[in-house]
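The values are calculated or read from the model by the stated rules, or taken from the named source; none is laboratory data. None of these values were measured; they are calculated from a predicted model. Note that each Cβ is placed from the backbone with ideal geometry, even for glycine, and that neighbours are counted across all protein chains shown.
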Amino acid sequence: MSPVPNLEWNDSLESGIIEIDIQHRNLFNIFKILKDSIENGKSSLIIRYIIEEVIRYGDYHMEAESEILKKYNIFSEKHEKEHTEFKKKVSGFKEKYVTTKDKILAREICDYLYAYVTNHIMKIDKEELNLLKEEFKRLGKEE
Ligand SMILES: [Fe+2]
Ligand SMILES: [Fe+2]
């Protein structure tokens, strides 16, 4: 199996909206902890706990992100769909993992989370957070 790409946090992942960037960074760190734990052969109990943390923190972040975007009428239906898809997918992974404790599945979860960074955070999040930034500028609001 090919290794999970070694993504490092970099400027291209920043949106410029500080509270959201901090959350993205935290989420990114949880993904990394999961990746390291799988690579270091941690127990299925630990892997399960980290997957649960992805769910908890993912929920928290998506709630905060959608709330601020909604407040400025920027949050799109497409964005909402992608959040729903993420939650469904990760919970589905968790259910499966709890029953199978399958190592290949754990790797699949990792691959999915890394793809999520490039497909969601770097695209739709960035797009809409950029609009939010412009809106803040227009209103003379501190970020
Ligand atoms: Fe996000
Ligand atoms: Fe998002």
Taking region 90-101, which residues are farther than 12 Å from GLY58 by Cα and of a type outside the set (A, V, I, L, M)? GLY92, PHE93, LYS94, GLU95, LYS96, TYR97, THR99, THR100, LYS101
Which numbered condition GLN23 misses (of (1) under 30 Å from LYS141 (Cβ atoms); (2) surrounded by fewer than 18 Cβ atoms within 10 Å (Cβ to Cβ); (3) free of Cβ contacts under 8 Å to residues at least 60 places away in the same chain): (2)
Taking region 43-55 on its own, how many of its residues are outside any helix (DSSP H, G or I) and either within 15 Å of ligand 1 (Cβ to nearest atom) or surrounded by 15 or more Cβ atoms within 10 Å (Cβ to Cβ) (or both)? 0
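Table: residues versus (1) more than 10 Å from ligand 1 (Cβ to nearest atom); (2) part of a helix (DSSP H, G or I); (3) at pLDDT 95 or above; (4) exposed (fewer than 14 other Cβ atoms within 10 Å of the Cβ).
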{"site": "TYR57", "(1), (2), (3), (4)": "yes, yes, yes, no"}
{"site": "TYR60", "(1), (2), (3), (4)": "yes, yes, yes, yes"}
{"site": "ASN73", "(1), (2), (3), (4)": "yes, no, yes, yes"}
{"site": "ILE109", "(1), (2), (3), (4)": "yes, yes, no, no"}
{"site": "LEU113", "(1), (2), (3), (4)": "yes, yes, no, no"}
